[in-house]
Amino acid sequence: MQTDNPNTQQPSQSALGRTRARLLAMGSAAAILVVGLGAFALLPQARPTHIATAAPVQLAANDTRAPRMLENSSPFSFADLVERVSPAVVTITSETMTTENDSDDQQENLPAPFRDLFNQFNQQHPQKPHKAISAGSGFIIDKAGLIVTNNHVVDNGKKITVKLPDGRSFEAKLMGTDPATDIALLKIKSDKPLPTVEFGDDRQLRVGDWVIAVGNPFGLSNSVTAGIVSSIGRDIGAGNYNDFIQIDAPINRGNSGGPTFDLRGQVIGMNSMIFSPSGGSVGIGFAIPAATIHDVVGQLQAHGHVARGWLGVSIQSVTPEIASSLGIKDSKGALVADVVPNGPAAKAGFEQGDIVTAINGVAVEDNRDLTRKVALVPSGQTATFTVARQGQIKTLKAEIGNRPDDKVASNAPDLPVGPAATGNAMGLGLASLTPDARKTFNLAETTAGVLITKVDPNSDAADKGLQAGDVVQRVGGHMVHTPAEVQSSVAEAQKGGRKSVLLLVASSQGGSRFVAVEIGAT
């Protein structure tokens, strides 16, 4: 046997035998010791198990809302908090009719491996419709019986049942749903007041704050887990109206619709999604913020549906590349890529290329932020927008409209073969936009600009998604109608020391957008 120290004496075979015998005699006790030590070693890396004696924030001794200290230098307990809020956390089951081809994943449009926490229990009958029982969680927000849960828990439910921790069951009425935020409001009737929880202010949350999740994972009602806030304002591609709170408290299928509590016992979120390559909890969960829930529930209670404000623009974020191509330092705000004819923005004087930096005096961070802020403005109310246009600041007033239902785009057909290129710039083949070209690519007669006939697959333009059939309408601040005008505008940007140029592109699939493309050989 080799050792690092040549002076180390080697154990005799008899000594090894005696050691082995002792280990065998210890059996499971040794195994428990190893597991225990391993867990202990990992705990400080995961989260603290003791409260520091010199904590910066001291809670009042009579504050019963806070976790209590068991004794000096001992871990605190969530027991008082859990005991107080658990009676208002309910189990929800929904009966639907489905077929064997239905997916257990109710959020099919989410990018994998993001998944909802919906737990289905299906009785399969090949080729025939059959009853499916779906289980989730919810929480009571009003003594009269108002209950909040996820829309996907009760979606298409023929019969919805709510079971309280005390064993009572009620058939629930669906008051309204909002699929855009995945929120639903239920109502049950009880002959006596029901236990409730109250909303907190998720805007006061900080990364690292403790949170408690209560719910019905895998049908195990009133299960409790604890963790911390891992991130705030997380965009996971689940719509325009939700920026999720990311938590590491273990949550699983069936936790959908269950509340996330802060240390005051107030609801600061609703568990809705998990990131799960394996299908189970890996410590990355997502909760809908309480502020979003509160606003949506208010409309569902009053009207049974949610009405959102509409400005009538297509917008995109101001990326660092776009900011550089515009010669500005600040990349905040929302860039107007297109203005809907006769919409509120068009009537207010919005133009393509405007950068919206504020609404009603409140700064706009990006396109999602503007979408949410406009959605909260009631239809018919006038909003004031601060807009940057070609280096000047303008103030525009728009009467907000009612957002129409979103239209689902159809699959695009294979692109036809267009005319040959008569000019090149930035890896793009360019040609004048003739009537035949408009017909070939099914472009509107009003579409003006320069047709893209081909795209170098190794160019930055290809990486940005430009393709044959798109139309370059503007280069920098110049409208273009011929390939020569595109080349001239690019050359002008090069002389100005720009590494990229901002293009306004009308897509062959509909709509317009701004794209910052690196300048290459012209």
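Couple of notes before you dig in:
- Of everything listed in (1) crowded, with 16+ Cβ neighbours inside 10 Å; (2) in contact with a Pro (Cβ under 6 Å, 6 or more places away or on another chain), the single unmet condition for His152 is (2).
- Hits in segment 179-198 (condition: more than 19 Å from the chain's Cα centre (by Cα), touching a residue at least 24 places away in the same chain (Cβ under 8 Å) and surrounded by fewer than 19 Cβ atoms within 10 Å (Cβ to Cβ)): Lys187, Lys189, Ser190, Pro193, Pro195, Thr196, Glu198
- Evaluation of Ser223 against the conditions (1) touching a His at 6+ places or on another chain (Cβ under 9 Å); (2) under 15 Å from Val89 (Cα atoms) shows that the sole unmet condition is (1).
- Flag for Asp354 being under 30 Å from Thr225 (Cα atoms) and either in contact (Cβ under 8 Å) with a residue 60 or more places away in the chain or open to solvent by less than 50 Å² (accessible area, probe 1.4 Å) (or both): no
- Condition met for Val297 (over 20 Å from the mean Cα position of the chain (by Cα), buried (at least 22 other Cβ atoms within 10 Å of the Cβ) and aliphatic (A, V, I, L, M)): no
- Of residues in segment 244-275 being within 16 Å of the chain's Cα centre (by Cα) and among the polar types (S, T, N, Q), the one farthest from Arg84 (Cα to Cα): Gln246
- Test: residue in segment 338-353 that is part of a strand (DSSP E or B) and in contact with a helix residue (DSSP H, G or I) (Cβ under 8 Å, 6 or more places away or on another chain): yes
- If you filter segment 339-351 down to residues that are open to solvent by 70 Å² or more (accessible area, probe 1.4 Å) and modelled with pLDDT of 90 or more, you find that the one that is farthest from the chain's Cα centre (by Cα) is Lys347.
- Of everything listed in (1) at pLDDT 90 or above; (2) more than 26 Å from Lys464 (Cβ to Cβ), the single unmet condition for Val336 is (2).
- Residues within segment 466-513 that are among the hydroxyl-bearing types (Ser, Thr, Tyr) and open to solvent by 40 Å² or more (accessible area, probe 1.4 Å), tallied: 2
- Total residues in segment 199-221, condition surrounded by 15 or more Cβ atoms within 10 Å (Cβ to Cβ), modelled with pLDDT under 90 and either of a type in the set (Val, Ile, Thr) or farther than 21 Å from Gln246 by Cα (or both): 1
- Residues that are buried (at least 18 other Cβ atoms within 10 Å of the Cβ), touching a strand residue (DSSP E or B) at 6+ places or on another chain (Cβ under 7 Å) and assigned to a loop (DSSP other than H, G, I, E, B), drawn from segment 300-337: Val306, Leu311, Gly312, Val318, Gly333
- Here the condition is being in contact (Cβ under 8 Å) with a residue 12 or more places away in the chain, open to solvent by less than 40 Å² (accessible area, probe 1.4 Å) and in contact with an Asp or Glu (Cβ under 6 Å, 6 or more places away or on another chain); of Gly176, Gly227, Gly258, Gly254, it holds for Gly227 alone.
- The set of residues in segment 368-383 being more than 21 Å from the chain's Cα centre (by Cα) and either among the basic types (Lys, Arg) or not in a loop (DSSP other than H, G, I, E, B) (or both) consists of Thr382, Ala383.
- Qualifying residue in segment 405-428 (condition: modelled with pLDDT of 85 or more, out of contact with any Phe, Trp or Tyr (no Cβ under 8 Å at 6 or more places or on another chain) and farther than 19 Å from Ala334 by Cβ): yes
- Look at (1) surrounded by fewer than 23 Cβ atoms within 10 Å (Cβ to Cβ); (2) in contact with a helix residue (DSSP H, G or I) (Cβ under 8 Å, 6 or more places away or on another chain) and you find that Ala132 fails only one, number (2).
- With respect to the conditions (1) assigned to a strand (DSSP E or B); (2) open to solvent by 50 Å² or more (accessible area, probe 1.4 Å), Glu365 falls short on a single one, namely (1).
- Number of the condition not met by Val229 [criteria: (1) at pLDDT 90 or above; (2) under 25 Å from Thr91 (Cβ atoms); (3) assigned to a strand (DSSP E or B)]: (2)
The values are calculated or read from the model by the stated rules, or taken from the named source; none is laboratory data. This is a predicted model, so every value here is computed, not measured. Using ideal geometry, Cβ is built from the backbone for each residue, glycine included, and neighbour counts are taken over all protein chains shown. Ligands, DNA and RNA are stripped out before the accessible areas are found, and what is left, the full protein with its side chains, is counted by its heavy atoms. Shrake-Rupley method; radii C 1.70, N 1.55, O 1.52, S 1.80 Å.
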